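Each remark here refers to the structure printed beneath this line.
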Amino acid sequence: MGPAVEPTAAAGAGEVLLGKYKLGRLLGRGSFAKVHQARRLADNTDVAIKVMDKTRATITTMEPNIIREVSAMRRLRHPNIVRIHEVMATKSKIYLVMEYARGGELLSKILRVGRLTEPVTCRYFQQVVSALHFCHNNGIAHRDIKPQNLLLDHDGNLKVSDFGLSALPEQLKDGLLRTACGTPAYTALEVIGRKAYDGAKADAWSCGVILYVFLAGFLPFDDGNLALMYRKTQRREFRFPPWFSKPVRWVISRLLDPNPETRISIEALMSVAWFKKSPNRSKEYVDPFQLDLMTMLP
Ligand code: ADE
C-alpha cells in the first residue's frame, strides 16, 4: 500500500486534493465504495479512484474483498482489464487508484441504445472472453461478470473491472470454490446451489447471460421475485427473441448449459466459428513474460 493521505481542500478552489491527485466527479456508487474520476497533478493524467469507507462496512465483510481486488488486479496486465496503479489508505478509508475508462459502463450504453447489433456484440464479447481467458490462465475467476462491471475506454475498447468478488488461486484449494457470490441474474446454477463449483465454468455461464443481454437489451431470466428468478434459472425458462441468429443461439445454449461439466469452456468457445468471425477483433494479447523469455534466448 502507498503512504497514508488525508484529503485536503485545495486553496481557494473548493477542490479536494488526495495526495498527488485532484478528486473530480462521482462516476458510480456501490454498497461499500464510491468511484470518482481524478487527475494526477504531475502529468494531468485522468485516473479513477475507488474510495472505500472502512466505517460503512465491518472489517470482516470488507477487508477480504479489498485484498482480493487488489491482488487480482495487480497480477492481471491485459488490454481488456482495468489496471490498478496504486493503493493508498487513511485510518477510515482505502483508495484504489485505477486506470480511467472514459466511456463508462457498457450497461449505460446498452440502456441508451436499447440493444446492440450482432457485429458490435461480437466485438465486445471477444474482448470480455479474452480478458476472462487471461484471468483463468492465471488461476483467477472473476465471479461477478455483468454489464455494470464492463467499462469502455476512449477508443471504445472494453475493460473488465471490479475484481472484489474474484477468487485467487490460493483460495481454490482443490480447484473448486464454495462461496455463493455474484449478482443473482448473472449467477450460475451451481453457484446458487452452494455446491462446490469451478469458478471458470461459473464465469462461462455469466458470459452466456451477458451475450443474451447485449443482443436482447433484457435479461434471459428475470423476475421481481428472487425465488421465482432462481426457479426460472433452474428450469432454464428463457426464449430467444426472433432477431437472434442461429449461431448465437447455439453459443448461448452451450454457455447456459446447467451442467458445468458439459458447459462449453471459455477456451473451447474461442475456437467457435461465430466467435472468430468478427473483423473487428482486438489485437491478440501477448503476455510480456513471453516477450522477456524471447529476449533471453541466445
Ligand atoms: N467506474 C468504476 N470504475 C471505473 C473506472 N476505472 N473508470 C471509469 N469509470 C469507472
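Yes/no per residue for (1) in a loop (DSSP other than H, G, I, E, B); (2) closer than 24 Å to Y197 by Cα; (3) among the basic types (K, R); (4) modelled with pLDDT of 95 or more:
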position	(1), (2), (3), (4)
W250	no, yes, no, yes
S253	no, yes, no, yes
N259	yes, yes, no, no
I264	yes, yes, no, yes
W274	no, no, no, no
S278	yes, no, no, no
S282	yes, no, no, no
V286	yes, no, no, no
F289	no, no, no, no
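Every residue, every condition in (1) at pLDDT below 85; (2) of a type outside the set (V, I, T), yes or no:
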residue	(1), (2)
A38	no, yes
A48	no, yes
I59	yes, no
L76	no, yes
E86	no, yes
K91	yes, yes
Y95	no, yes
A101	no, yes
C135	no, yes
* Structure fact -> Picked from the range 87-137 (must be surrounded by fewer than 20 Cβ atoms within 10 Å (Cβ to Cβ), within 15 Å of the ligand (Cβ to nearest atom) and among the small types (G, A, S)), the residue farthest from H154 (Cα to Cα) is S108
* on the phi > 0 side of the Ramachandran plot and not basic (K, R) - does that describe any residue in the range 84-100? -> no
* To do: Test L152 against the criterion of being of a type in the set (A, V, I, L, M), at pLDDT 90 or above and either touching a helix residue (DSSP H, G or I) at 6+ places or on another chain (Cβ under 9 Å) or away from the ligand (no atom under 13 Å from the Cβ) (or both), and give yes or no.
  => yes
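The values are calculated or read from the model by the stated rules, or taken from the named source; none is laboratory data. Quantities reported herein were computed from a predicted structural model and do not represent experimental measurements. For neighbour counting, all protein chains shown are included, and Cβ atoms are generated from backbone atoms with ideal geometry for every residue, glycine included.
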